[in-house]
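Take a look at the following structure, please.
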Amino acid sequence: QVQLVESGGGLVQPGGSLRLSCAASGSIFSIYAMGWYRQAPGKQRELVAAITSGGRLIYADSVKGRFTISRDNAKNTVYLQMNSLKPEDTAVYYCNADVQATVRVLAHEYWGEGTQVTVSS
């Protein structure tokens, strides 16, 4: 089994910064793409940013220039540095990863439980 555990959420004022972390643990042979999604109240879950195993980066237009995704493959961890935060960034942020647990199985998609980010004065 694979677990994704997020940390780093909280309350921040507009213009502030937060750094989210997500560590994968358990039975892991290889991790492919890792990413962050968010879901605000009454809205659908949306992709925020993703990074492939080869380092290709994908960002939602709404966060380009403000958020930076990175990963530490040795630690099976993905990060999301969020700067210049706006009230509209308020949401539950979920970590996502495509993980191949063993050499004998295909990769599966896993989700963390989410961490709340609130941007408010």
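The values are calculated or read from the model by the stated rules, or taken from the named source; none is laboratory data. Since the structure is predicted, the reported quantities are computational estimates derived from the model, not experimental observations. Glycine also receives a Cβ, built like all others from the backbone with ideal geometry; neighbour counts cover every protein chain displayed. Please note that ligands, DNA and RNA were not included when accessible areas were found on the heavy atoms of the full protein model with its side chains. Shrake-Rupley method; radii C 1.70, N 1.55, O 1.52, S 1.80 Å.
Can you tell which of Arg56, Arg19, Arg66 shows the greatest fluctuation in a Gaussian network model of the chain with Cα springs below 10 Å?
In the Gaussian network model the winner is Arg56.
If you don't mind, there's one more thing I want to ask. Rounded if a/c is under 1.5, else prolate if a/b is larger than b/c, else oblate: which is segment 1-46, with a ≥ b ≥ c the root eigenvalues of its Cα gyration tensor?
Verdict is prolate for segment 1-46.
Explain nothing, just the number: dipole magnitude of segment 7-121 about its Cα centre with +1 on each Lys and Arg Cβ and -1 on each Asp and Glu Cβ, in debye rounded to the nearest 20.
160 debye
Just Ile51, Ile28, Ile69 to compare: in a GNM of the chain, with alpha carbon springs under 10 Å, which one fluctuates most?
Ranking Ile51, Ile28, Ile69 by mean-square fluctuation puts Ile28 first.
Springs between alpha-carbon atoms under 10 Å, Gaussian network over the chain: tell me which of Lys43, Lys86, Lys64 tops the mean-square fluctuations.
Lys43
Here's another thing I want to ask about it. Give me the 1.4 Å probe accessible area per residue for segment 1-80, excluding ligands and nucleic acids, in Å².
Each residue of segment 1-80 exposes 54 Å² on average to a 1.4 Å probe.
How large a share of the accessible area of the chain, in percent, is made up of carbon and sulfur atoms when the probe is 1.4 Å and the other protein chains stay in place? All intermediate terms of the calculation are to be shown ahead of the outcome.
Values: 3180 of 6510 Å².
Ligands and nucleic acids excluded, carbon and sulfur reach 49 percent.
Please give the peptides 95-104, 9-18 ranked by average Cβ packing (other Cβ atoms within 10 Å per residue), highest first, as a rough proxy for protection.
Details: 95-104: 16.7, 9-18: 14.1.
Put in order of decreasing packing, that is 95-104, 9-18.
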